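Below: the structure, in structure tokens.
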Amino acid sequence: MTITEKILAAHTGKEQVQPGEFIEARVDLALGNDITAPLAIAALRERGITRVFDPERVVLVPDHYAPNKDLLSAEQCKLVREFATEYEIKHYFEVGRMGVEHALIPEQGLVLPGNLVIGADSHTCTYGAMGAFSTGVGSTDLAAAMISGKLWFRVPESVKFICYGKLRPWVGGKDIILYIIGQIGVDGAHYQAMEFCGEAISDLSMDSRFSICNMAIEAGAKSGIIEPDDKTVEYVKARARKPYKLYHSDPDAQYAKVYEFDLRNLEPQVACPNLPENVKPAAQLADVQIDQAVIGSCTNGRMEDLRTAAKILAGHKVHPRVRLIIIPATQEIYRQAIREGLIEIFLDAQAAVSTPTCGPCLGGHMGLLAEGERAIATTNRNFRGRMGHLKSEVYLSNPAVAAATAILGRIASPEEIIDTPWVDGY
Amino acid sequence: MIIKGKTHKYGDNVNTDEIIPAQYLNTIDPNVLGRHCMAGIDGAFAGKVKPGDILVAGWNFGCGSSREHAPVSIKGTGVAAVIAASFARIFYRNSINIGLPILECPQAAAIVTGDVLEIDLSGGLIRNITQNTTYQAGAFPPFLQQVC
């Protein structure tokens, strides 16, 4: 069995499961946010349900339109807050304590290797980076899981992505996942579990691994997963308050398809409007002028991302025509960035630094685009109108490219700011 | 159950940001959401769609965000069914969960806006009255028929 099949079997009480099989599985954690939880809460209240299956296994994070962006959002956040109090939800994260959910929940040790997690947010697939099975669902499925602690699944086929080679400087998890989506398309892993492995993956930090699994949904996948290793255990051991289990794929595990990529020469990648599959090397897009750069989100708002951005921005100013908005993904990341002097670098570069929020990523608040404007963002989607006006455009990149682009006012490679010696096979 | 209605046709990879842009996610009211349905791809849709009409699209309909507001907004307009060559996974589950009839049918590519269809939901047979043809949509697996 694959790691995905093993986790699903373990949560179904079966020796083994097969792709295509329908199962009812036990859920370790069920997650909702200020956009998706209100529909789930309404479903519970309509049915007269007065308690959730386990108040410690439900997580509510008002992060999308919080701090409240307008009156209607304020009402939605209030509804979630009141529900959390009334139903004694232990893990409700208020503004000032919250973060972008998929950065916050691993950081808080709430998701662990071997877990089965569902969340009413499509980027719930992020936690696969820890060797967990996690997938996005809608609000009604969240309601079902909050009531019963169980949910039905069709066991997905697994697809293996073997990534070879040492990566070049300024190339990270974001570039790998953009490259893969560029190769297979936005429905290239339709309904499947994407399993990432190989030297290029095991060399990556946990932060970079989160970026990869985060965007599995952009290839249409049900989940993305990376087998746990020493780095996973190192990340988890300081945070875990419950036992966890490391699962690995068997040598004879069955895959619907196996892709092999040599990534030694991979350059920083950029996804052009209006689909994450429209991927080109950043160097080919040097004539694309931008009005705004956003560094943050559940894809790239973590410590490694801020450190990378700071390396590029140090000693430079944002282009006079450009707004650079930097959003540390959690309070802890924000505080650490202050300790390390990164925020000072951002302010010196004339960037705006925001409290954690999903904000502009989904065109919510904190930096929407006007008609005809163009942004580069370290976020995950560049659909038409995603960050504001229907006639605005979003290019997706890693934080180094976004920072370099903010300085030069056009899509730029990090090497244009910092001359980085590199020889083939680095 | 038989559904008969006029179609509105869209292309491939219609995402949930297009079906209901994020700026309208500050409510869960189906009627309000319905008034902004498809606003990200066709601002005129909500004004021209009539209860009982049928939405038709290409591959990977409903990709992107997990927002259940997307199928809720479609239901809010009174659309009786959605036919697509394929559906994104979360949208598919969400539609079943809220009782929006959806049919997966690659032959749907031949349908054009304005065609009148008659759909037999139990068997998945789609009759295109305008073009005088029929298409067979994939039937729900038995497990899902129980969910419905």
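The values are calculated or read from the model by the stated rules, or taken from the named source; none is laboratory data. Everything numeric here is computed off the predicted structure, so don't read it as measured data. Cβ: placed from backbone, ideal geometry, glycine included. Neighbour counts: every protein chain shown. Surface areas here come from the heavy atoms of the whole protein model, side chains and all, with no ligands, DNA or RNA. Shrake-Rupley method; radii C 1.70, N 1.55, O 1.52, S 1.80 Å.
Here is how the numbers come out for the structure above:
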quantity	calculated
Point-to-point label distance, residue B:31-residue A:286, nm (Cα→Cβ direction, 7 Å offset)	5.8
Surface per residue (accessible, 1.4 Å probe) for the protein assembly as shown, Å²	36
Column: log10 I(q)/I(0), Debye, Cα scatterers of the range A:37-157, q = 0.09, 0.10, 0.16, 0.23 Å⁻¹	-0.24, -0.29, -0.77, -1.56
Separation of alpha-carbon centers, the range A:347-426 and the range B:32-78, rounded to whole Å	30
Residues in the range A:380-395 that, when all protein chains are in place, have 40 Å² or more less accessible area than the chain alone would give (probe 1.4 Å)	A:383, A:384, A:390
Chain A - mean residue ellipticity at 222 nm from DSSP helices (-39,500 (n - 2.57) per run, n ≥ 4, rounded to 500)	-8500 deg cm²/dmol
222 nm mean residue ellipticity, helices alone, for chain B (DSSP H n ≥ 4; -39,500 (n - 2.57); rounded to 500)	-6000 deg cm²/dmol
Column: log10 I(q)/I(0), Debye, Cα scatterers of the range B:1-72, q = 0.13, 0.28 Å⁻¹	-0.36, -1.40
Ratio of Rg to Rh over the range A:324-426 (Cα coordinates, Kirkwood Rh, two decimals)	1.00
List of the range A:52-85 residues, accessible area with partners at least 20 Å² below that of the chain alone (1.4 Å probe)	A:65, A:72, A:76
Cα pair distances in chain A, grouped into 10 Å bins until the bin that holds the longest one, percent each	5, 23, 33, 26, 11, 2, 0
Listing of the range B:78-94 residues, each with accessible area lower by at least 40 Å² in the full protein assembly than in the chain alone (probe 1.4 Å)	B:89, B:90, B:93
Qualifying GluC sites (Glu not before Pro) in the range A:349-426, DSSP loop, other Cβ atoms within 10 Å at most 10	A:371
Cα shape, the range A:225-347, gyration tensor, a/c 1.5 rule	oblate
Helix B:89-98 axis, angle to chain B major axis (alpha carbon atoms, nearest 10°)	90
